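Please read through the structure below; I'll follow up with questions.
Coordinate-derived values only; no laboratory data. Just so we're clear, the structure is a prediction, and the values are computed from it rather than from any experiment. Here the Cβ is made from the backbone with ideal geometry for all residues, glycine too, and neighbour counts use every protein chain on show.
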Amino acid sequence: MQRYPTIIQGGMGAAVSNWLLAKAVSMRGQLGVVSGTALATVVGRKLQAGDPGGHVRRALATFPVPEIAERILKDWYRPARGPANTPFKLHSMYTLNPSQDLLELTVTSSYSEVYLAKEGHDGVVGINLLEKIRLPNPSTLFGAMLAGVDYVLMGAGIPMEIPGLLDGLSRHEPVRLNVHVEGASPGDEHVTVFDPRRIMSEPMKALKRPLFLAIIASAVLAAALVKKATGRVDGFVIEGPTAGGHNAPPRGQNALSPSGEPVYGPKDVVDLNAIKAHGRPFWLAGSYGTPERVKEALELGAEGVQVGTAFAFCEESGFTPEIKQAALERVAAGDMNVFTDPLASPTGFPFKVASVPDTLAEQGLYAERPRICDLGFLRQAYKKENGSVGFRCPAEPVDQYLKKGGKEEDTSGRKCLCNALSAAVGCPQTQKTGNTELPIITAGDDLKDLGRFLRPGCLSYSAEDVLNYLLQGVTGELALAPQMA
């Protein structure tokens, strides 16, 4: 018998869904989820900032290969960062063949985040990854599995190879992912390979294979994953276009509203009967953050809902206190806006941007930022004239992008999400130009409704407040009902 949660706390940003938030949700019997995006950057910077509270060091003390943990601390830990504008040390960028140092940092970072989320209780914990950020995923997943992660959730693309990859990693086998290379010739094969023996020369016993939930926006994609994925897809999160972060592009005509947002229509409504026919559990997401919508999802046959935005601004989330206060002040004043930007993300997917003061939602501030690409998680692989594989990003300096064969029109409106999302959780880089990176805030359309959690004179609320609200009227049996595996 498999028990499924009613509430999945969404995996948001780069460490907005941090271990503290995931732990708070999991301890209440629901599915707490850590974000796996750019964990090497976030954890590396936490260590350089002195590891407040000693949490990362506590987790690393349990890592099954002590010599790797010792190397990480030697290379990255600093008792104190120094002046606030001290630049952070950078790790190398991911390529088809990442360095040993980068693999070790990635594995230990995801291990630490999941370990801390699971520490001290027996609740379930998941990790959320993006298909569009493909190269770090095998090592990120291996680290999470070493820590006993229970669920893996993945969207922003078609995660066809991930189920089989989880099977292989559970057996400590080398795994490979195909990598799309722009300009590749028919018959070209480009892969990235991760061998767990680069981390553990003497494997432990087989690892638990986590349940895999694909985050999708169409019944067609669900059918393709059930039939063609390399292993079992254990369930689905059906995400609508009002959810935060990256949205699936509209399936109909590529039109924009008068305000410049993508227009979604009838073709974007998911056929839930077709989803049910696969016999897999599913959850609904995208403006399902009310008790009425939780009940509606249950009545439609879902196990429950995934909620992100309400958790994103609670006390336990990774957004800085200043960002939470500024956002909730605007919510309380009725002056919050969320814009679905069709251009901001280098991935080409629409990306939700919230109008929080002193962030990159203010176009003038972004226009002043010198274009720099020094983290590279959203770079795209392309085939060079000599046949080798290079990497480019539409948000990098335009002249560099053009030299790499990119089109100038693809650079218009693009934003460096890698640096902006890191800044949003208190890890802003100070560049050589003297410029300190500003944050970007992503949230769902229901951000404007978070005033329901605010008491008079108080601009804060907890993850428990969110869960208590969502589960109003839902019985204990429904909130965590036993289901067939």
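Nearest 20 debye, what's the magnitude of the dipole of the chain about its Cα centre given +1 on Lys and Arg Cβ and -1 on Asp and Glu Cβ? Let's see the in-between values first.
Numbers: 49 positive and 51 negative charges, 171 e Å.
With Lys and Arg at +1 and Asp and Glu at -1, about 820 debye.
I need the shape label for the range 100-159. Rule: rounded when a/c is under 1.5, else prolate if a/b > b/c, else oblate, with a, b, c from the alpha carbon gyration tensor. Walk me through the intermediate numbers first.
Numbers: a/c = 2.96, a/b = 1.25, b/c = 2.37.
Note, shape of the range 100-159 comes out oblate.
While we're looking at this one, here's another question. To one decimal place, what orientation-averaged projected area in nm² is obtained for the convex hull of the Cα set of the range 282-341?
Taking a quarter of the hull surface, the average projection is 5.4 nm².
Using the count of nearby Cβ atoms within 10 Å as a rough guide to exposure, how do M154, M160 rank from fewest to most? Write down the numbers at each step before the final one.
Working: M154 25, M160 19.
Going from sparsest to densest Cβ surroundings: M160, M154.
Just round it to a whole percent: the fraction of Cα-Cα distances in the chain exceeding 45 Å.
When every Cα pair of the chain is considered, 6 percent fall beyond 45 Å.
By the gyration tensor of its Cα atoms, with a ≥ b ≥ c the square roots of the eigenvalues, what is the shape of the range 2-42: rounded for a/c under 1.5, prolate for a/b over b/c, or oblate? Don't skip to the end; give the middle numbers.
Working: a/c = 2.86, a/b = 2.21, b/c = 1.30.
Prolate is the answer for the range 2-42, as a/c is 1.5 or above and a/b outweighs b/c.
Along the principal axes of its C-alpha atoms, what lengths does the range 1-157 span, in descending order and rounded to whole Å?
Principal-axis extents of the Cα atoms in the range 1-157, largest first: 48, 35, 31 Å.
Mind listing P(r) for the range 1-74? All alpha-carbon pairs, 5 Å bins, whole percents.
3, 15, 19, 20, 18, 13, 7, 3, 1
Measure out, as a whole number of angstrom, how far apart the alpha-carbon centroids of the range 253-282 and the range 1-42 sit.
25 Å
Here's a follow-up. Provide E239, E437, E161, E70 in ascending order of the number of other Cβ atoms located within 10 Å of each residue's Cβ, fewest first. If you can, show how the numbers build up before the last one.
Details: E239 26, E437 22, E161 19, E70 12.
By the 10 Å Cβ count, ascending: E70, E161, E437, E239.
With point charges of +1 on the Cβ of Lys and Arg and -1 on the Cβ of Asp and Glu, referenced to the Cα centre of the range 81-155, which listed residue (V114, G148, N137) lies farthest in the positive direction of the dipole?
Comparing the listed Cα positions along the dipole, N137 ranks first.
Please arrange E362, E113, E368 by counting, for each residue, the other beta carbons lying within 10 Å of its beta carbon, fewest first.
Working: E362 14, E113 31, E368 10.
Going from sparsest to densest Cβ surroundings: E368, E362, E113.
Given an 8 Å cut-off on Cα distances and at least 6 residues of separation, report the relative contact order of the range 145-294 as a percent.
Once divided by the residue count of the range 145-294, the mean separation gives 25 percent.
So what is the calculated 222 nm ellipticity per residue for the chain, using -39500 (n - 2.57) for each DSSP H run with n of 4 or more, over all residues, to the nearest 500 deg cm²/dmol?
Taking each H run of at least 4 residues, the total per residue is -8000 deg cm²/dmol.
State the Cα centre-to-centre distance between the range 400-457 and the range 327-388 in whole Å.
The two parts, judged by their Cα centres, are 4 Å apart.
For the range 23-38, take each phi angle, set θ = phi - 60°, evaluate the Karplus expression 6.51 cos²θ - 1.76 cosθ + 1.60, and give the result in whole Hz per residue in order, putting x for glycine and proline.
Taking θ as phi minus 60°, the curve returns 5, 4, 6, 5, 5, 9, x, 10, 9, x, 10, 9, 7, x, 6, 6 Hz for the range 23-38.
Something else about it: Could you give each residue of the range 394-402 its phi-based ³J(HN,Hα) in whole Hz, using Karplus coefficients 6.51, -1.76, 1.60 with θ = phi - 60°, and x for Gly or Pro?
Each residue of the range 394-402 in turn: x, 9, 7, x, 4, 4, 5, 4, 5 Hz.
Over the chain, calculate the relative contact order: mean separation of alpha carbon pairs under 8 Å at least 6 apart, over the residue count, as a percent. Walk me through the numbers on the way to the answer.
Working: 987 pairs, mean separation 88.2, N = 485.
It comes to 18 percent, rounded to a whole number.
What does the charge count around R392 come to, taking other residues whose C-beta lies under 12 Å from its C-beta (Lys +1, Arg +1, Asp -1, Glu -1)? Numbers along the way, then the final one.
On the way: positive: R379, K383, K384, K403, K404, K407, R414; negative: E182, E396, D399, D410.
Result for the local shell: +3.
Quick one: 3J(HN,Hα) in Hz for the range 132-148, Karplus 6.51/-1.76/1.60 with θ = phi - 60°, rounded, Gly and Pro as x.
Listing the rounded values in order: 5, 9, 7, 5, x, 4, x, 6, 4, 5, 5, x, 5, 5, 4, 8, x Hz.
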